[in-house]
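Colleague: Have a look at this one.
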């Protein structure tokens, strides 16, 4: 970005300008490096020490595991005492089903809200957009009573239902704004050709794929990480998710450092890998305005 | 639609089919339970039969606000929650803005940092809580070693265990995790500013500092409002991190107790405390009104603010 004024200035006082320019370039980068260290250091510390024997965890906490200090004892201990296999299954099951249901139900409602003019559109839009801002947790007392009445406590179904309700308002908000942008001529053409309204819905879905991807990622992470609902609705051992399972395990075995570090690694790595694969799409979808 | 004559237009069943599933789920799982929670705060448990409740009007609120033993706990949880929010506002959001302002210049290096800086935000509170518990633990001594590098080892304290520092420490851990959200929202707003707007200022010789505060910042005021509202709602609804770090008792000596932990403890009971669902519902209702006021203030403010369309 060298425009004429900058050139003029640099010619007037080449040295001082270069120094200032160097500072102007370096200080921001140094700030980024500084905060990256703060952001990554705790994660590094956990990952490195999970693969060390107990002595090395305390003596050389900052080092990368070496041939002498390497040990998988933590992971063995975790596998003996906790059932991370079950936790992973529960988390994946709940997240995937909740996500699919949210996308199906949410896009259907968005289609109706975006494409048809009928009495009550404004009120429905308002009702759903209030749901974006008012957290569903505030309804905890009522939801727990509801699940008790339906005999759904300690089931994965209870979690799925709540997560769908939690994700719907945002999904409807984003998807309907995308559906309004679909060219009306396209829809008219399809109607003239005799397509049913359900068929038109099916035709529109592929057109808003980017929005669906963004919603997928952004509903998944809070569901996967949630502690509140598993703790309240499904705290039993069989229905524990990764987040709840590791919370309980960590609380119980806080003194077994190897096991603690290993279990943290096990619950951290999947979400890290997921993020590193999808981070580009994630940030692109926010910046392209999919989530405004 | 045009093909039908008005008086013979069939009832639009397809609209019902499209809308019904979402509405049913939303109403049954969100709207009704929320109203149920709010109304439960007007009842108290029957003294003889715990399964029945009797209507007692605002007595739960009177108890919450004025009871000699209980109300100090409520007021201090509210005060802690305000402090929790203020720390997020003065630490998290300015740093988020600073990072966004640096990132928005673009380029490969900055794209890399953008990915890295967002990582803590995708982790669960549980994980973050335990990670920091270990790092700050005097048993492991990692923080002391780091402070020693800067010859500041003498400053080390078990911050999470001390009444005067525990709340600030918890808030800063939450800031560490959540900083990615304001960062990415500010970043999005900043890169949306068209270059032509900035070009004129550059030609006039304005320095980057001036350009940022005189041109960019006023343009992203709507995002500043959005971030403030999101921080407010998130903070008054917080629970997981404190629960993981300090347990449901929000120790030491309730010094990290916020609305979320107070609700959990009251509703489910804890050690010497019996569960009290109706009083729990009262606390949840207070959270609801606090958040609702925040949202309404935001919406009114938003209506009055000029949003620039580029």
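Colleague: On a full-extension model of 0.36 nm per residue, what is the gain between residue B:68 and residue B:56, subtracting their alpha-carbon distance, rounded to one decimal in nm?
Modeller: Roughly 2.4 nm would be gained on extension.
Colleague: Compute the separation of the alpha-carbon centres of segment A:93-170 and segment B:266-310 and state it in Å as a whole number.
Modeller: After rounding, the separation between the Cα centres reads 19 Å.
Colleague: Could I ask something else about it? At a Förster radius of 41 Å, what calculated FRET efficiency corresponds to the Cβ-Cβ distance of residue A:64 and residue A:236, to the nearest 0.05?
Modeller: Efficiency, rounded to the nearest 0.05: 0.55.
Colleague: Right, next: Please label the shape of chain B as rounded, prolate or oblate, based on the square roots a ≥ b ≥ c of the eigenvalues of the alpha-carbon gyration tensor (a/c under 1.5 means rounded; beyond that, a/b larger than b/c means prolate, else oblate).
Modeller: oblate
Colleague: If you don't mind, there's one more thing I want to ask. Enter the mean projected area of the convex hull around the alpha-carbon atoms of segment A:77-287, in nm², rounded to one decimal.
Modeller: Averaged projected hull area, Cα only: 14.2 nm².
Colleague: Provide the FRET efficiency to the nearest 0.05 for the residue B:148-residue A:54 pair, computing r from the beta carbons and using R0 = 22 Å.
Modeller: For residue B:148 and residue A:54, the calculated efficiency is 0.45.
Colleague: Next question. Per DSSP H run of n ≥ 4, the term is -39500 (n - 2.57); total these for chain B, divide by its residue number, and report the mean residue ellipticity at 222 nm rounded to 500 deg cm²/dmol.
Modeller: -19000 deg cm²/dmol, from helical runs alone.
Colleague: How many angstrom lie between the C-alpha centres of segment B:39-106 and segment B:144-184?
Modeller: So the separation of the two Cα centres works out to 24 Å.
Colleague: Of the listed peptides B:129-139, B:296-306, A:112-122, A:135-145, what is their order by residue-averaged count of other C-beta atoms within 10 Å, with the highest listed first?
Modeller: My ranking of the peptides, most packed first, is A:135-145, B:129-139, A:112-122, B:296-306.
Colleague: Right, something else. Per DSSP helix of 4 or more residues, -39500 (n - 2.57); summed, then divided by the residues of chain A. What does that give at 222 nm, rounded to the nearest 500?
Modeller: Dividing the helical sum by the residues of chain A leaves -25000 deg cm²/dmol.
Colleague: Moving on. So, in nm, how far is label residue A:180 from label residue A:255 when the simple model puts each one 7 Å beyond its Cα toward the Cβ?
Modeller: Rounded to a tenth, the inter-label distance reads 6.1 nm.
Colleague: If packing is taken as the mean number of other Cβ atoms within 10 Å per residue, what is the order of B:169-175, A:180-186, B:34-40, highest first?
Modeller: Packing proxy ranking, top to bottom: B:169-175, B:34-40, A:180-186.
Colleague: Let me know the mean shielding of B:169-180 by other chains, meaning the per-residue number of their Cβ atoms within 10 Å of its Cβ.
Modeller: The per-residue average across the peptide is 1.
Colleague: Which one of B:161, B:141, B:107 has the biggest mean-square fluctuation once chain B is modelled by GNM with Cα springs under 10 Å?
Modeller: Between B:161, B:141, B:107, it is B:107 that shows the largest mean-square fluctuation.
Colleague: Other chains near B:66-74: what is the mean number of their Cβ atoms within 10 Å of each residue's Cβ?
Modeller: Mean shielding count: 0.
Colleague: Mind checking A:28-36 for the average number of partner chain beta-carbons within 10 Å of each residue's beta-carbon?
Modeller: Average neighbour count from other chains, rounded to a whole number: 6.
Colleague: Roughly how many Å is it from the Cα centre of segment A:210-274 to that of segment B:234-262, as a whole number?
Modeller: 19 Å
Colleague: Estimate the FRET efficiency between residue B:305 and residue A:100 by the formula 1/(1 + (r/R0)^6), using the beta-carbon distance for r and 41 Å for R0, to the nearest 0.05.
Modeller: 0.60
Rule-based calculations on the coordinates, nothing more; no lab input. Nothing here was measured: the structure is a model prediction, and the numbers come from that model. Here Cβ is always computed from backbone atoms with ideal geometry, including for glycine, and neighbour counts include all displayed protein chains.
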